[in-house]
Amino acid sequence: MITRFAPSPTGPLHLGHAYAAILAHDMARAAGGRFLLRIEDIDRDRARPEWEALIIEDLQWLGLSCDGPFLRQSENQPTYDAALDRLWAMGLLYPCACTRRDIAQALSAPQEGATALIGPDGPVYPGTCRGAARHGPRPHDQHLRLDLAAALARMGARTTHFLETGPAQKGCIITDTASYCQEIGDIVIARRDMGTSYHLSVVLDDAAQAVTHVTRGDDLFEATRIHVLLQQLLSLPTPIYHHHRLIRDENGKRLAKRDDARALRLYRAEGATAQDLRRMLGIPAFFVS
Ligand code: GLU
């Protein structure tokens, strides 16, 4: 078993991150497997080395030792480029110059009829640029979207599936062609400002790190449908997924990086121990033999 913790160094880790990291760590250790770290720093504008350093310190304080060297996404661009070239050569990507506002306007146009659905990345894209040229060199000055219908047709598949072991939805999760097109739509695979996307990078990196079990928050459940599709398109293995509950504040709101009040470094500064944190999160103490 190989699990991973994949934080973005864009702010301090909070209780929700601690929960995700501890679950992934304990799962691997209990199975005699490996627990890996990946720094998801593709958002160059927001990622900072000081946040990365704090992540390492927090993990040490939590008593979670990582196996092997960690992978930093900002150093893995050649892998993302190679996959994008492949998808572009298959004719499955198209350039898109739409702004959020263009999309909102297209979706609110009366002829579009029904109210817009919200997918994993926001409103489901109405397909405005789907007819854009797909030949010649891969464009770098616009976002690249995945033509979902074409991708599914190319695979000759009507469904994708993955195994889920999380508390909310256990078993084999199946997504069919219609749900992909209606609920997810043509998602952005390479952002103009990043040269990749969360979805593409996470899929390629999980494969590069040979991750067998992905543990992540429930908020990413819908995104996993995209990841499984990308794995099939790129002939990569699909790990087993475990979507865990989200840690919420006393008002039921899910914690975010801006909730500095729950930053691990503050608990650490107040003298709390890793076992105190486990108790707060309802995770049993872990004893390494
Ligand atoms: N980097 C993501 C985050 O900080 C998690 C990625 C994942 O688990 O796939 O929430």
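For this structure, a couple of remarks:
- One residue stands out in region 6-19 among those that are over 11 Å from residue 54 (Cβ atoms) and under 11 Å from the mean Cα position of the chain (by Cα): the one that is surrounded by the most Cβ atoms within 10 Å (Cβ to Cβ), namely 6.
- Qualifying residues in region 188-215 (those that are among the β-branched types (Val, Ile, Thr) and touching a Phe, Trp or Tyr at 6+ places or on another chain (Cβ under 7 Å)) - the one farthest from residue 44 (Cα to Cα): 214
- Check on residue 91, closer than 19 Å to residue 185 by Cβ, surrounded by fewer than 17 Cβ atoms within 10 Å (Cβ to Cβ) and free of Cβ contacts under 8 Å to residues at least 40 places away in the same chain: no
- Where residue 5 falls short, out of the listed (1) under 18 Å from residue 205 (Cα atoms); (2) at pLDDT 95 or above; (3) more than 11 Å from the ligand (Cβ to nearest atom): (3)
- Of all residues in region 45-61, those being within 16 Å of the ligand (Cβ to nearest atom) and either part of a loop (DSSP other than H, G, I, E, B) or surrounded by fewer than 17 Cβ atoms within 10 Å (Cβ to Cβ) (or both) number 5.
- Out of 21, 82, one residue alone is closer than 25 Å to residue 191 by Cα and at pLDDT 95 or above. It is 82.
- If you go through region 115-135 and keep only what is surrounded by 12 or more Cβ atoms within 10 Å (Cβ to Cβ) and of a type outside the set (Gly, Ala, Ser), you end up with 117, 120, 121, 123, 124, 125, 126, 128, 129, 130, 134.
- The single condition among (1) surrounded by fewer than 23 Cβ atoms within 10 Å (Cβ to Cβ); (2) within 14 Å of the ligand (Cβ to nearest atom); (3) not in a helix (DSSP H, G or I) that residue 42 does not meet is (1).
- Of all residues in region 154-196 being assigned to a loop (DSSP other than H, G, I, E, B) and free of Cβ contacts under 8 Å to residues at least 12 places away in the same chain, the one that is nearest to the ligand (Cβ to nearest atom): 170
- Summed over region 11-51, residues that are touching an Asp or Glu at 6+ places or on another chain (Cβ under 9 Å) and closer than 14 Å to residue 198 by Cα total 7.
- For residue 246, the criteria (1) part of a helix (DSSP H, G or I); (2) at pLDDT below 95 hold in every case but one, which is (1).
- Among (1) closer than 22 Å to residue 185 by Cα; (2) away from the ligand (no atom under 13 Å from the Cβ) - the single one residue 218 does not satisfy: (2)
- Candidates 227, 143 - the one that is surrounded by 15 or more Cβ atoms within 10 Å (Cβ to Cβ), away from the ligand (no atom under 16 Å from the Cβ) and closer than 24 Å to residue 46 by Cβ: 143
The values are calculated or read from the model by the stated rules, or taken from the named source; none is laboratory data. Only a predicted model underlies this, so the values are computations on that prediction, with no experimental measurement involved. Note that we place each Cβ from the backbone using ideal geometry, even for glycine, and neighbour counts take in every protein chain shown.
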